[in-house]
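Working notes, structure below.
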Amino acid sequence: MAAGSNLGDRIDYLRQAARHLAELSEQPLEKSSIWESEAVGPAEFPFLNSVAILHTTLEPRDLLKELKALEQTAGREPDPKRWGPRVLDLDIITYDDRVINEKDLVIPHPEYHQRSFVLLPIRDLRPDWRDPVSHWSLTDLIREAPEIEIEKTDLIW
């Protein structure tokens with residue numbers, strides 16, 4: 001799953017998310033480095049982004065409900081502007097090798113392959129991972145993603 005924040009105390013929001021995600025995980029939570037990237041779309045402030053791997057017994061829809069509840073607890077508005085600023089953004093990128101295409105739940109995430117701020121953190125944790133639909137490698141996905149300003153930070157979440 002991917003986590004991002006570009007409003008307020010960005011690192012604190014990511015740390016809050018990590019604590020909650022660790023409670024949902026049956027094994028220790030794996031967290032990538034934190035990357036700072038320019039905002040995509042109308043958001044003005046740079047994002048802190050990361051990914052986490054959790055091992056949960058929750059089904060994807062139940063996990064999504066937990067993530068959305070955590071976003072709201074952090075202060076995210078229920079219906080923010082697409083690509084707008086947000087205190088916390090949590091997305092399921094992939095769930096094992098499942099492919100789900102429903103009205104309000106699409107896995108793998110439909111736009112992740114265009115987001116270096118998701119792909120680079122995934123590479124931190126699973127450099128050999130492949131997309132379960134296209135079977136593209138991370139190297140190929142990163143090469144094809146639109147270029148943005150992004151750099152790895154020393155921050156820990």
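Read-outs throughout are calculated quantities, based only on the coordinates presented, and are distinct from any laboratory measurement. Predicted model only: the values in this text are computed from it and were never measured. Quick reminder, even Gly has a Cβ in these numbers, built from the backbone with ideal geometry, and neighbours come from all protein chains shown.
Computed extension length for Glu26-Ile148: 40.5 nm, one decimal, from 0.36 nm per residue of separation with the Cα-Cα distance subtracted.
For region 102-131, trypsin sites (Lys or Arg not before Pro) are listed when DSSP marks them as loop and at most 11 other Cβ atoms sit within 10 Å of their Cβ; the list is Lys103.
Using the Cα atoms of the chain to build a convex hull, what is its mean projected area in square nanometres?
Numbers: hull surface 34.3 nm².
One quarter of the hull surface, i.e. the mean projection, equals 8.6 nm².
Taking every DSSP helix (H) stretch of at least 4 residues in the chain, weighting each as -39,500 (n - 2.57) and dividing the sum by the residue count yields a mean residue ellipticity at 222 nm of -9000 deg cm²/dmol.
Lysine pairs in region 8-157 with alpha-carbon atoms under 19 Å apart, 8 or more places apart or on different chains: how many are there?
Working: Lys31/Lys152; Lys65/Lys103; Lys68/Lys81; Lys68/Lys103; Lys81/Lys103.
Qualifying lysine pairs in region 8-157: 5.
In this calculation the C-beta distance from Asp9 to His135 is compared with R0 = 25 Å, giving a FRET efficiency of 0.05.
Oblate is the label for region 117-157, because the ratio a/c of its alpha-carbon gyration tensor axes (a ≥ b ≥ c) is 1.5 or higher and a/b is not greater than b/c. Our summary gives the chain a relative contact order of 31 percent, counting only alpha carbon pairs under 8 angstrom and 6 or more residues apart. For Leu125 and Gln72, a Förster radius of 41 Å and the Cβ-Cβ distance give a FRET efficiency of 0.95, rounded to the nearest 0.05. The GluC sites (Glu not before Pro) of region 1-54 that meet both conditions, a loop assignment by DSSP and at most 16 other Cβ atoms within 10 Å of the site Cβ, are Glu26, Glu38, Glu44.
What number, in percent, do you get for the relative contact order of region 99-145 if the mean sequence gap of Cα pairs under 8 Å and at least 6 apart is divided by its residue count?
Numbers: 38 pairs, mean separation 16.1, N = 47.
Worked out over region 99-145, it gives 34 percent.
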